[in-house]
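Notes to accompany the following structure.
Please treat every number below as a calculation from the coordinates, not as lab data. No experiment lies behind these values; they were computed from the predicted model shown. Glycine gets a Cβ as well: all are built from the backbone with ideal geometry, and neighbour counts include every protein chain shown.
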Amino acid sequence: DAGVTQSPTHLIKTRGQQVTLRCSPKSGHDTVSWYQQALGQGPQFIFQYYEEEERQRGNFPDRFSGHQFPNYSSELNVNALLLGDSALYLCASSLVGDYEQYFGPGTRLTVT
Amino acid sequence: AQSVTQLDSQVPVFEEAPVELRCNYSSSVSVYLFWYVQYPNQGLQLLLKYLSGSTLVKGINGFEAEFNKSQTSFHLRKPSVHISDTAEYFCAVSDGSGTASKLTFGTGTRLQVTL
């Protein structure tokens with residue numbers, strides 16, 4: 001049973017560019033959440049998708065957007081990258097109504 | 001709004017010694033509490049969770065935690081640590097709203113186990 005998978009593992013982008021990160025949830029899960037973890041910090045909630053709609057959103061600007069596909073996989077898009085966007089981006093999946101979230105290994109984004 | 005405070009950024013301990021990692025939370029509603037562990041260059045793994053019922057919860061790898069509502073705490077304990085327990089530990093809280101509500105994390109505690 002595959003857990004949560006994320007791609008790519010690492011990514012280097014230049015300031016001002018756009019990036020797309022991908023996540024496949026654990027088998028049987030229908031809800032995907034995204035978190036940003038800056039170096040030395042705890043993860044911070046970006047947003048959550050269920051039934052292909054954004055259900056909750058954290059305190060992140062509109063440059064951060066997402067999508068969920070019919071197979072429950074998800075993408076995180078970040079436009080106009082800033083140096084401060086450099087972080088580990090974690091995807092977590094869960095089943096609706098269940099409070100236990102399973103995390104993927106993350107995508108390390110470096111903005112230069 | 002919810003928040004989580006992890007009082008110790010680093011905890012050094014010798015192998016086979018007991019350890020306690022402290023976590024305090026604030027929330028205006030009922031909460032669900034979690035401890036996650038993060039090994040270097042990896043994602044988060046759930047150690048244990050408190051949703052309801054017994055205030056003493058047992059998790060994986062010999063860890064346990066006690067929910068104390070009056071002190072708004074959820075401290076993590078292990079009676080005897082191993083070198084392999086060296087990692088970053090995060091306490092998190094959820095208010096239970098939404099389809100599968102968001103987690104609010106503390107800043108983490110680095111557990112360093114030495115011989």
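Worth pointing out:
- Dipole magnitude of region A:5-111, debye to nearest 20 (Cβ charges: Lys/Arg +1, Asp/Glu -1, about Cα centre): 500
- Cα point-scatterer Debye curve for chain B, base-10 log of I(q)/I(0) at q = 0.14, 0.23 Å⁻¹: -0.53, -1.36
- Prolate/oblate/rounded label for chain A (Cα gyration tensor, a/c 1.5): prolate
- Measuring nothing but how far apart in sequence close Cα pairs (under 8 Å, 6+ apart) lie, relative to its length, region A:1-105 scores a relative contact order of 35 percent.
- Contact order relative to length of chain B, as percent, for alpha carbon pairs under 8 angstrom and 6 or more apart: 37
- Average beta carbon contacts from partner chains per residue of A:37-43, 10 Å cutoff: 6
- Share antiparallel - DSSP beta bridges, chain A, percent rounded to 5: 90
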